[in-house]
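This report refers to the structure that appears directly beneath it.
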Amino acid sequence: MSASSPEAAPASGRGLPGWFDPSPVFFGLIALLLAFVVLLPFGWLALFSLTDEKGAFSMENFSELGDPSLFLGPFVTTLGIALGVGVLACGVALPLAWLVSRTNVPFRRTLRGLIMTSFITPPFIGAVAWVLLAAPNSGLINQYYRALTGAGQFDRLVNIFSAEGIVFVMASYAFPYVFVLAANTLDRMPYDLEEASAILGGGRWHTLRRVTFPMVLPALLAGFLIAFLQAMTQFGTPAILALPAGFHVLTTKIWSLFQFPPRTHLAAACAIPMLFVTILLLRGEKFLLGRRGFTMIGGKAGAPQLTNLGLWRWPALTMALLVIVVTVLLPNLILIRASMLRTVSDAWTLDTITWDNVRLVFGLTHTRATLENTLITGVAAATAGTAFSVLVAYLTARRAVPGHRFLAFLATAPAAVPGIVLGVALFIGYTRPPFQLYGTLWILLLAFLTIEMPPAYQQMQAAFRGLNPELEDASRILGAGRLKSLTSIVAPLLKSSVAATWCFVFIGTIRELSATILLTTSNTKLVSVLIYDLNENGELGAIAVLGLVLMAVTAVVVVAANRLANVGQMAPGR
Amino acid sequence: MTSFGTTRRGVLAGVAVFATPRLARAAPAAVSVTPALIAAAVKEGKVAHYTSNDLTLATTLAKRFEAKYPGISVLLERSGAERNYQRVSQEYASNIRAVDVVTSSDLGYLVSWKANGWTAPYVTEEAMRLAPDAREADGFYTKETFSLMVPAYNSQLVKAADAPRAWSDLLDSKWKGKMVKAHPGYSGNIMTGTYIVTQALGWEFYEKLAKQQIMQVQSAVDPSQRVAQGERLVAADGAENAAFRVQKKGGPVTIVYPTEGSPVVPVAAALMAAAPHPNAARLLLHFISSGEGQQILADYGGRSFLPGVAMPEGLRPTEQIKLLHADPAAVALAAEDIRKRYTRAFGV
């Protein structure tokens, strides 16, 4: 009997009638859900920014923004830092991506793997590691500098408690995002265009500039945007590095407005300008990309040809290794060191090595529960968030529903809201009927979904942009509904992007701190919050232990997720 | 916005009314531990303790309690007193009643909570053995210990002769860029201490101190650690018991008892009226005020109210220190102003 074979199933006429495509209903629901999830906190934000403490309409909050110590100062600092992070992250990531994807630099696979390692370090753990490395007096780098040069007791090479320090640390943990986007794009880029350029007499540099670079541009812009927005909305790193130096960025300022007595309305008003900055950036991206088409996967694709770097391979390798040493090796080594020492300033000898920190961390009443909570919310948010962003990216890329522009806006808009403000919006929205979620993991899941939607969507959208619709069109001409062509044509083609997005979201939740810190209760605590608590307590050794454990767990999950995706890809296609 | 509950100031208007003429509202009779209490506590199985005691001390206390009463686990929420205050206010505003016992180094808000009914009076039989001023008049909290807010310096990098001796010495330009200090918006110890220092020296002291390029950390536990690491030479303030612990671990830290006086920072425990585990909560209060609990606290550098508790070696005896006291209700009234002026002066 052939009735059970998959090919026969549609023809047998069972299930829905052939003319009925459930896609519009399903897609409509998705759009509604997204609108609800995003608009609710935005509604609160708008309402709060335009009202006073008594709930009456007032523009008072916005007029207070003129106060330089309240808003203007931190705002300018924040923009400066975010710009620095965007430029630095792109400046490091693009050459690296090109090296590992398109050249014959030695150990390209290993290099790529190592860069991905830096990606799993939450920035706030990185910030603590860099305090240990580059605090002006006790930092190891400065100690070695003084020992080597004979400089005075208070001379320093680097000071991490500064705006430059913050840019450096944030860029260290933002550049892998840009790198992944750029490298994935370069991987998928067909060789034939570059070959055509070469045949037509274009030199290597000319081809790189006129053919390769324009094709990477969308991914690069998306990467810059992610790095910039991350830097603008991040809380952990500036809280660890800026506050000791005695200055605020916008997120820490907003956070300080929630200290007792909370000034939520003013905080909401402080967040609105961030929203405008983001909208401007998104518009700018669109303007730069213009109407140029960047479809790269057509019906056939040539295998990428590697550029032969000749002897330049070795300097290139050195440069790549240097980036990895600075962003991955040094911070992790210092964390391992600190995890084993009684006091972080001790010398590393057999006498000073201790299990005290490990004992302290695992002696804490919350450690196990926080690790479990972190994993549960992370996996749930990654799975739901990926599914959601694939759908939304598909709907907008293929203009499948009316109002898809609005959908795209909804999916990117949460990026403009600092996690901390979203945290408060969710806190207000979900502490009262009909949605009483505060004190449960659901509110965290919701926060993560909202926060991770923009990067996930950006990534899936970049993937869709590189996918020629002719493939789906073919499937639809042959009678498949949109949903069917999405699942059986698009999804397999984008498998690696989907897996990458899943990992993005999962890691994003591990890295999230700013909303989390307001939404956790003692029973729903996450590791990020526990680490922040430990930092305020000055327990650097315990942070080192917990940070290493968290990163190990993250690494295992990410590797497993990628295995799963690759296994699927390698399965025989028949 | 009002969803975080009544403001501190609003509550204190009420406090002022009934706190000034101390109306005879006698503390409840002291209660002793009974098998019935233990059984009820074990049945509840856990107790949520929000504490401002530092992590190692809080964990040790919890472990010893768990060892004494198997079947009860302590859920520890350790943060600065001010942060815990914020957290409980948030939770209560959203009708979450998670906390059973609060330990705080800022007695000011325990006064507010007495007024708004968030805490309940409870006097343990063990507390009756403490010095009388350890017990709040109506039994709404019992002081666990007291500590001091004190400066400290790195004894390897600073010669004893050059070290600061007074609060005013911290204004010397030779310490510019070389000091670290904790934050009154986070730490109850610093909140209480800042109040006392401003009473003694005025706000000019902090306004001048702010010009010394201070490294600003949060917890009162932290400055002495940074000084031991050599990150800064002098801790402009911090908790005495924390500095003492760093010392005991071999950190090169010397505590300064300023000539103007050392602010006394009592640390008190209170029972929440809506405690979800009321019996386990009571049992924990018994344990804290018992000889065993007091000894643990003292070992970690807390100064006990229980006569006869052995002080750890190396801690300067209380009689040899000039102490400065504060009225908790006054601290509560000043708290908001302190936060504001502090932020204006120090930028964060």
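Here, each number is a calculation from the coordinates, and none is a lab measurement. Since we're looking at a predicted model, the values are computed, not measured. Here Cβ is always computed from backbone atoms with ideal geometry, including for glycine, and neighbour counts include all displayed protein chains.
Here's how it looks for B:Val31: its modeled amide H is under 5 Å from those of B:Val123, B:Thr124, B:Glu125, which are all 5 or more places away or on a different chain.
Remark: A:His404, A:His248 ranked as A:His404, A:His248, counting other beta-carbon atoms within 10 Å and listing the fewest first.
Which of rounded, prolate or oblate describes chain A when judged by the alpha-carbon gyration tensor and an a/c cut-off of 1.5? Don't jump to the answer; show the numbers that get you there.
Details: a/c = 1.61, a/b = 1.22, b/c = 1.32.
In terms of gyration-tensor shape, oblate.
Shown in residue order for the range A:34-49 are the 3J(HN,Hα) couplings computed by the Karplus curve 6.51 cos²θ - 1.76 cosθ + 1.60 at θ = phi - 60°: 4, 4, 5, 4, 7, 6, 4, x, 5, x, 4, 4, 4, 4, 5, 5 Hz (x for Gly and Pro). Annotation for the range B:176-216: trypsin sites (Lys or Arg not before Pro) lying in DSSP loop with at most 13 further Cβ atoms inside 10 Å of their Cβ are B:Lys176. About its Cα centre, the protein assembly as shown has a charge dipole of approximately 1820 debye under the convention of +1 per Lys or Arg Cβ and -1 per Asp or Glu Cβ, with nothing else charged. Restriction of the chymotrypsin sites (Phe, Trp or Tyr not before Pro) in the range A:311-412 to DSSP coil positions whose beta-carbon has at most 14 other beta-carbons within 10 angstrom yields A:Trp348, A:Trp355. A:Phe258's amide H: which non-local residues (gap 5+, or another chain) put their own amide H closer than 5 Å, with H modeled 1.01 Å from N in plane and none for Pro or chain starts? Under 5 Å from the amide H of A:Phe258: A:Arg263.
If each residue's Cβ is checked for other Cβ atoms within 10 Å, how do A:Phe62, A:Phe448 rank with the fewest at the top?
Values: A:Phe62 16, A:Phe448 28.
With the sparsest Cβ surroundings first, the list reads A:Phe62, A:Phe448.
A Förster radius of 25 Å combined with the Cβ-Cβ distance from A:Val326 to A:Arg359 puts the calculated FRET efficiency at roughly 0.20. All C-alpha to C-alpha distances of chain B, sorted into 10 Å bins beginning at zero, yield P(r) values of 6, 26, 34, 23, 9, 1, 0 percent in whole numbers. The mean number of Cβ atoms from other chains found within 10 Å of a Cβ in peptide B:76-86 is 4, as a whole number. When only Cα pairs below 8 angstrom with a gap of at least 6 residues are kept, the range B:208-348 shows a relative contact order of 22 percent.
Averaging sequence separations of C-alpha pairs under 8 Å and six or more residues apart, then dividing by the length of the range A:382-534, give the relative contact order as a whole percent.
Values: 152 pairs, mean separation 55.8, N = 153.
Relative contact order here is 36 percent.
Within 10 Å of each Cβ in A:260-270, how many Cβ atoms from other chains are there, averaged over the peptide?
Values: counts 15, 14, 10, 1, 4, 1, 1, 1, 1, 0, 0.
The per-residue average across the peptide is 4.
Based on the mean of other Cβ atoms within 10 Å per residue, sort peptides B:249-257, B:28-36, B:82-90 so the most packed one is first. Intermediate results must be reported in sequence, preceding the final value.
Working: B:249-257: 18.9, B:28-36: 11.4, B:82-90: 23.2.
The packing order, highest mean first, is B:82-90, B:249-257, B:28-36.
In this structure, the amide hydrogen of B:Ser73, modeled 1.01 Å from its nitrogen in the peptide plane, lies closer than 5 angstrom to those of B:Lys46, B:Val47, counting only residues at least 5 positions away or on a different chain. Label the range A:316-375 by shape, choosing from rounded, prolate and oblate, from the square roots a ≥ b ≥ c of the eigenvalues of the Cα gyration tensor; if a/c is under 1.5 it is rounded, and otherwise prolate applies when a/b is larger than b/c, oblate when it is not. Note, shape of the range A:316-375 comes out oblate. Shielding of peptide B:226-233 by partners, expressed as the average count of other chain Cβ atoms within 10 Å per residue Cβ, is 6.
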